[in-house]
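S.K.: Before we start, here is the structure in question, set down as structure tokens.
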Amino acid sequence: MKIFNKKNILTIVLVLSLYVLGQFLINQEIIDSYIFLNLVLVGINIILAVSLNLITGFTGQFSLGHAAFMSVGAYVSAIATAKFNLPFFSAILIAAVVSAFAGIVIGVPTLRLKGDYLAIATLGFGEIVRVIIQNNDYVGGASGFNDIPQYTNWTWLFFMTVITILLIKNFIESKPGRACIAIRDDEIAAESMGINTTYYKVLAFGIGAFFAGIGGALYSGYFYFIKPDAFGFMKSIDILVIVVFGGMGSITGSVVGAIALTIISLLLQGFPELRMVIYSLILFIIMVYRPQGIMGNYKLKLFSKRRGSDVGSKGK
């Protein structure tokens, strides 16, 4: 298997060119602060959607607590930078590890559950995290955490997004990733073939929480102020809508869905009362007319290891 083949080299050149172009436009102030704000939201939503898709789309575990892992990452990173003056890289890493640990802690007792029961358990976990933060004066409680250093820039946003997509894609194409896909397709058959279903479900949950923590760290590293209410139940629904809209089990769909729904939210800022109505209509239309999502089984193959490789029954 040739990692540095012609296609991969061209992909690396394309990715770096996109980064250089973005940085040039920012330096020339063609991309102003308002446009960059929306780019930040797009990048964070891509990270959150791709990581949730690993849990829900590729492993088949219905989670409604993804925003809780984001909040853990956001607050841990904020504490690391604002109170301990740690470098942003260290803050991101610590936030991701703590979020992954939280994912494993909640995953071990709950991932033996299935369907609606798992969704209720993860939803309860999210509410527990939110209430704990609201009643903790060390992080500002219900009033919020302010004076957070603004470290998130184009470089951090771009490369954290690319790294998230690349690592999760490679995980899915690995032996553990194929085990997760087998669990999604038929858990009983996978278990009868010797796959430790609980282990791989917890593994996927931990990895998804890890990257959600990175998304939270980028969020708190850009906005000077965060509140527990920003990571409530509706935030988890927002992420889930992106995954369903783009396509369950499709990394490409998560990227496209995050971009599309972020733009829709931007256009609906003047009509906040219609936002969830539009989201509901989108879900209804997708479920009725295109249940596989807007991207379906379309695959965007980046950094391929061998020609014609194809993993899983759904697109990446």
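S.K.: Being surrounded by 14 or more Cβ atoms within 10 Å (Cβ to Cβ) and in a loop (DSSP other than H, G, I, E, B) is the filter here, so list the residues in the stretch 113-122 that pass it.
M.R.: Correct list: 113 only.
S.K.: Looking at residue 68, is it modelled with pLDDT under 95, closer than 30 Å to residue 200 by Cβ and out of contact with any Lys or Arg (no Cβ under 8 Å at 6 or more places or on another chain)?
M.R.: No: the conditions fail for residue 68.
Listed here are the residues, each with its yes/no results for (1) within 18 Å of the chain's Cα centre (by Cα); (2) closer than 24 Å to residue 118 by Cβ.
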residue	(1), (2)
163	yes, no
195	no, yes
198	no, yes
207	yes, yes
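S.K.: Next question. What are the residues in the stretch 225-240 that are buried (at least 22 other Cβ atoms within 10 Å of the Cβ), assigned to a helix (DSSP H, G or I) and β-branched (Val, Ile, Thr), if any?
M.R.: Across the stretch 225-240, the qualifying residue is only 239.
S.K.: Residue 20 - would you say it is surrounded by 13 or more Cβ atoms within 10 Å (Cβ to Cβ), over 29 Å from residue 226 (Cβ atoms) and modelled with pLDDT of 90 or more?
M.R.: For residue 20, the condition - surrounded by 13 or more Cβ atoms within 10 Å (Cβ to Cβ), over 29 Å from residue 226 (Cβ atoms) and modelled with pLDDT of 90 or more - is not met.
S.K.: If you go through the stretch 132-144 one residue at a time, how many are touching a residue at least 24 places away in the same chain (Cβ under 8 Å) and within 12 Å of residue 68 (Cβ to Cβ)?
M.R.: Matching residues across the stretch 132-144 total 1.
S.K.: Turning to a different aspect of this structure: So if I check each of 58, 62, which one is in contact with a Leu (Cβ under 8 Å, 6 or more places away or on another chain) and either on the phi < 0 side of the Ramachandran plot or free of Cβ contacts under 8 Å to residues at least 40 places away in the same chain (or both)?
M.R.: Just a single option satisfies the conditions, and that option is 62.
S.K.: Would you pick out the residues in the stretch 255-276 that are out of contact with any Phe, Trp or Tyr (no Cβ under 9 Å at 6 or more places or on another chain) and farther than 13 Å from residue 41 by Cα?
M.R.: 267, 268, 269, 270, 271, 272, 273, 274, 275, 276
S.K.: Got a sec? Which of 108, 98 is under 30 Å from residue 177 (Cβ atoms), at pLDDT 90 or above and either of a type outside the set (Gly, Ala, Ser) or surrounded by fewer than 21 Cβ atoms within 10 Å (Cβ to Cβ) (or both)?
M.R.: Within the list 108, 98, the selection yields 98.
S.K.: Among the residues of the stretch 84-104, what is the count of those that are out of contact with any Gly (no Cβ under 6 Å at 6 or more places or on another chain) and of a type outside the set (A, V, I, L, M, F, W, C)?
M.R.: Final tally of qualifying residues: 3.
S.K.: On to the next question. Residue 250: among the polar types (S, T, N, Q), surrounded by 22 or more Cβ atoms within 10 Å (Cβ to Cβ) and in contact with a Lys or Arg (Cβ under 9 Å, 6 or more places away or on another chain), yes or no?
M.R.: Judged against the criteria, residue 250 is a match.
S.K.: List, please: which pairs have Cβ atoms under 7 Å, are six or more places apart or on different chains, and start with a residue in the stretch 105-129 that is within 10 Å of residue 198 (Cα to Cα) and end with one that is surrounded by fewer than 16 Cβ atoms within 10 Å (Cβ to Cβ) and at pLDDT below 90?
M.R.: 111/198; 112/198
S.K.: Got at least one residue in the stretch 242-265 being farther than 28 Å from residue 105 by Cβ and not in a helix (DSSP H, G or I)?
M.R.: Yes; the residues of the stretch 242-265 include at least one that is farther than 28 Å from residue 105 by Cβ and not in a helix (DSSP H, G or I).
S.K.: Within the stretch 152-166, how many residues are of a type in the set (Ser, Thr, Tyr) and either surrounded by fewer than 18 Cβ atoms within 10 Å (Cβ to Cβ) or more than 14 Å from residue 48 (Cα to Cα) (or both)?
M.R.: 2
S.K.: Testing residue 30 on (1) in a loop (DSSP other than H, G, I, E, B); (2) surrounded by 17 or more Cβ atoms within 10 Å (Cβ to Cβ); (3) of a type outside the set (Gly, Ala, Ser), one condition comes back false. Which one is that?
M.R.: Condition (2) is where residue 30 drops out.
So that you can scan it fast, the table gives a plain yes or no per residue for (1) among the aliphatic types (A, V, I, L, M); (2) over 30 Å from residue 59 (Cα atoms):
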position: 107; (1), (2): no, no
position: 118; (1), (2): yes, no
position: 130; (1), (2): no, no
position: 134; (1), (2): no, yes
position: 147; (1), (2): no, yes
position: 162; (1), (2): yes, no
position: 165; (1), (2): yes, no
position: 170; (1), (2): no, no
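S.K.: If you don't mind, another one. Hey, any hits in the stretch 77-85 for a residue that's in a loop (DSSP other than H, G, I, E, B), touching a Phe, Trp or Tyr at 6+ places or on another chain (Cβ under 9 Å) and modelled with pLDDT under 90?
M.R.: Within the stretch 77-85, none of the residues are in a loop (DSSP other than H, G, I, E, B), touching a Phe, Trp or Tyr at 6+ places or on another chain (Cβ under 9 Å) and modelled with pLDDT under 90.
The values are calculated or read from the model by the stated rules, or taken from the named source; none is laboratory data. Everything numeric in this text was worked out from a predicted model, so none of it was measured. Note that each Cβ is placed from the backbone with ideal geometry, even for glycine, and that neighbours are counted across all protein chains shown.
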